[in-house]
């Protein structure tokens, strides 16, 4: 099986680390050379110790779920002979508390909006493609978060 690596780098920028007054800004570096400015979420660590413009781990988690689902969905749609012109998703992750009171991303709702060319699926076929994409997605198979798809086709809850 393959390995997937990320380099996470942070450097202190102020004198008050032990008092909790330090920047949570950091950088993600990936093997292809891409660098992403990251930070704690402002909903977790208030400004000025976080930076809203940077990607936070919770956003990245939601993007990973949505991206993996989309990539599998596109593969399955192509193999089924459908013509897909574009796919956009405004995915939303919602924080909750688990049984022990610890915050976690309890749900991710995918909102795919798909435009087809000459040959598109029926709503039932589209929903089935979403179910199959979820079953194949490496990220969905790695999490306990509930993932739901709300598309133009029938909304469905996919269990991870």
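Odds and ends about this structure:
- Hits in the range 9-35 (condition: surrounded by 10 or more Cβ atoms within 10 Å (Cβ to Cβ) and in contact (Cβ under 8 Å) with a residue 24 or more places away in the chain): 21, 22, 23, 24, 25, 28, 30, 31
- Scanning the range 100-135 for residues that are in a strand (DSSP E or B) and either touching a helix residue (DSSP H, G or I) at 6+ places or on another chain (Cβ under 6 Å) or surrounded by fewer than 18 Cβ atoms within 10 Å (Cβ to Cβ) (or both) gives 103, 104, 105, 106, 107, 108, 110, 113, 115, 116.
- Some residue of the range 33-40 being part of a loop (DSSP other than H, G, I, E, B) and more than 21 Å from residue 92 (Cβ to Cβ): yes
- Qualifying residue in the range 145-154 (condition: at pLDDT 95 or above and either buried (at least 17 other Cβ atoms within 10 Å of the Cβ) or closer than 27 Å to residue 27 by Cβ (or both)): no
- Residue 76 satisfies every condition listed in (1) exposed (fewer than 15 other Cβ atoms within 10 Å of the Cβ); (2) assigned to a helix (DSSP H, G or I); (3) out of contact with any strand residue (DSSP E or B) (no Cβ under 8 Å at 6 or more places or on another chain) except (1).
- Among the conditions (1) outside any helix (DSSP H, G or I); (2) farther than 20 Å from residue 13 by Cα; (3) out of contact with any strand residue (DSSP E or B) (no Cβ under 7 Å at 6 or more places or on another chain), the only one that residue 47 does not satisfy is (2).
- When every residue of the range 54-65 is checked against the conditions, at least one turns out to be buried (at least 18 other Cβ atoms within 10 Å of the Cβ) and not in a helix (DSSP H, G or I).
- Lone unmet requirement of (1) in contact (Cβ under 8 Å) with a residue 40 or more places away in the chain; (2) in the same structural domain as residue 21 (by TED's automatic domain parsing); (3) under 17 Å from the mean Cα position of the chain (by Cα) for residue 43: (3)
- Filtered residue count, the range 79-94, keeping only those that are surrounded by fewer than 19 Cβ atoms within 10 Å (Cβ to Cβ) and not in a strand (DSSP E or B): 5
The values are calculated or read from the model by the stated rules, or taken from the named source; none is laboratory data. Predicted model only: the values in this text are computed from it and were never measured. Every residue, glycine as well, gets a Cβ built from its backbone with ideal geometry; the counts of neighbours run over all protein chains shown.
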